[in-house]
Amino acid sequence: MTRLLDVRDLRVEFRTRDGVAEAVGGVSYGVDAGRTLAVLGESGSGKSVTAQAVMGILDSPPAFVTGGQVLFRGRDLLTMSPRERRSVRGAAMAMIFQDALSALNPVLTVGAQLAEMYEVHRGMSRKDARARAVELMDRVRIPAAKARVNDYPHQFSGGMRQRIMIAMAIALEPELIIADEPTTALDVTVQAQVMDLLDELRREYAMGLILITHDLGVVADVADEIAVMYAGRIVETAPVRELYRRPAHPYTRGLLDSIPRVDHKGKELYAIKGLPPSLLTVPTGCPFHPRCPRAQDICRTERPPLYEVPDATDTVAPGRASACHFWKDELDA
Ligand SMILES: Nc1ncnc2c1ncn2[C@@H]1O[C@H](COP(=O)(O)OP(=O)(O)O)[C@@H](O)[C@H]1O
Ligand code: SF4
Ligand SMILES: [Mg+2]
């Protein structure tokens, strides 16, 4: 079966005055229609740059896609003409950003911005487009949508603004949505509501969803698969339950152990020591070795490939992999 999105060995580098940073060093991931892939990792690990390369919205320079494929329904977006690519992106793919206030136009009412999607892409009359805008605001549960359609972005709360951005993203019924930290700027209770809404819409429209986050707590209930990124590469992929039950990479275990849990009340929270590396000076061998509690000599010199990892019944599970020389020890720990 052709996957909705199939990213293969994608490479992106930033050419700056300080040197070349390989921000994405051969990332492969994908998602099927109606499914959710969560992409997890600390700040600076290359999650957003990968997504922007997939969407075709990287600023070049300084960013250059230097290799790989981005197959959307089997067609490589990277080899399409810019025009063809724009037409795919406009209708079939949409992105939701962390900061709705800067993603929305401050001088246009939200109704005008939503209606514009229908006028431009669907050729609707202004009146019909306005009516659709109100429906859409209702759909993302903005209270009193009809009265608020003429308000400006700054007149909404953070959570409501994020709903408006979700409305913009689903307006043309895309097949794929990439949500980049969509709830990071929101209060915890609002976070859950916005995440539930996204999840509900993903199901209703059978969209593929790529959910980028640095917060493992957010993804447990909504993701099908998880890809964990570190220093511009994927270090572990797994179905979400497998990853929580039996992480196969010390970095993933560190992330899991640093989530606050009710049953651990009073205990000090684990924190992975040190900081992620600058991508201008990635450590030799396994890039995680300076921070890894399991590191051995070989880790300092040999970069681990993505090893296939069997599931609990010892069959190789599709999509389970770990870039750790000692993934077996980690699984058994
Ligand atoms: N405008 C830029 N100029 C130079 N390097 C950049 C730029 N944007 C991102 N990078 C590099 O790409 C890396 C990955 O960034 P990003 O994908 O935004 O991380 P994440 O989304 O995981 O927090 C950064 O650590 C940095 O090295
Ligand atoms: S390869 Fe070595 S340093 Fe890297 S995660 Fe595995 S044990 Fe740690
Ligand atoms: Mg980011």
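The values are calculated or read from the model by the stated rules, or taken from the named source; none is laboratory data. Here the structure is a predicted model, which means the values were calculated and not measured. Cβ placement follows ideal geometry from the backbone for every residue including glycine, while neighbour counts extend to all protein chains displayed.
Here is how the numbers come out for the structure above:
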{"quantity": "Test: residue in region 26-38 that is under 21 Å from Leu275 (Cβ atoms) and among the small types (Gly, Ala, Ser)", "calculated": "no"}
{"quantity": "Close pairs (7 angstrom Cβ cut-off, 6 or more residues apart or separate chains): farther than 16 Å from Met229 by Cβ and more than 16 Å from ligand 3 (Cβ to nearest atom) in region 279-306, small (Gly, Ala, Ser) and not in a loop (DSSP other than H, G, I, E, B) anywhere", "calculated": "Leu280/Gly19; Leu280/Ala21"}
{"quantity": "Residues of region 14-41 satisfying the condition of being without any contact (Cβ under 8 Å) to a residue 60 or more places away in the chain and within 23 Å of Glu236 (Cβ to Cβ)", "calculated": "Gly30"}
{"quantity": "Among the residues listed as Ala91, Ala179, the single one being modelled with pLDDT of 95 or more and closer than 29 Å to Ser48 by Cβ", "calculated": "Ala179"}
{"quantity": "Count of residues meeting criterion [within 18 Å of Glu242 (Cα to Cα) and assigned to a helix (DSSP H, G or I)] in region 191-226", "calculated": "4"}
{"quantity": "Test result for Ser102, more than 16 Å from ligand 3 (Cβ to nearest atom) and either touching a Lys or Arg at 6+ places or on another chain (Cβ under 8 Å) or polar (S, T, N, Q) (or both)", "calculated": "no"}
{"quantity": "Wholly within region 16-90, strands (runs of 3 or more DSSP E) carrying at least 2 residues that are more than 16 Å from ligand 2 (Cβ to nearest atom) and among the small types (Gly, Ala, Ser)", "calculated": "19-31, 63-72"}
{"quantity": "Residue that is surrounded by the fewest Cβ atoms within 10 Å (Cβ to Cβ) [pool: residues in region 141-159 that are closer than 28 Å to Val54 by Cα and modelled with pLDDT under 95]", "calculated": "Gly158"}
{"quantity": "Residue match in region 41-54 (condition: crowded, with 18+ Cβ neighbours inside 10 Å, more than 16 Å from ligand 1 (Cβ to nearest atom), of a type in the set (A, V, I, L, M, F, W, C) and assigned by TED's automatic domain parsing to the domain that holds His214)", "calculated": "no"}
{"quantity": "Flag if Gln113 is surrounded by 14 or more Cβ atoms within 10 Å (Cβ to Cβ), of a type in the set (S, T, N, Q) and within 16 Å of ligand 1 (Cβ to nearest atom)", "calculated": "no"}
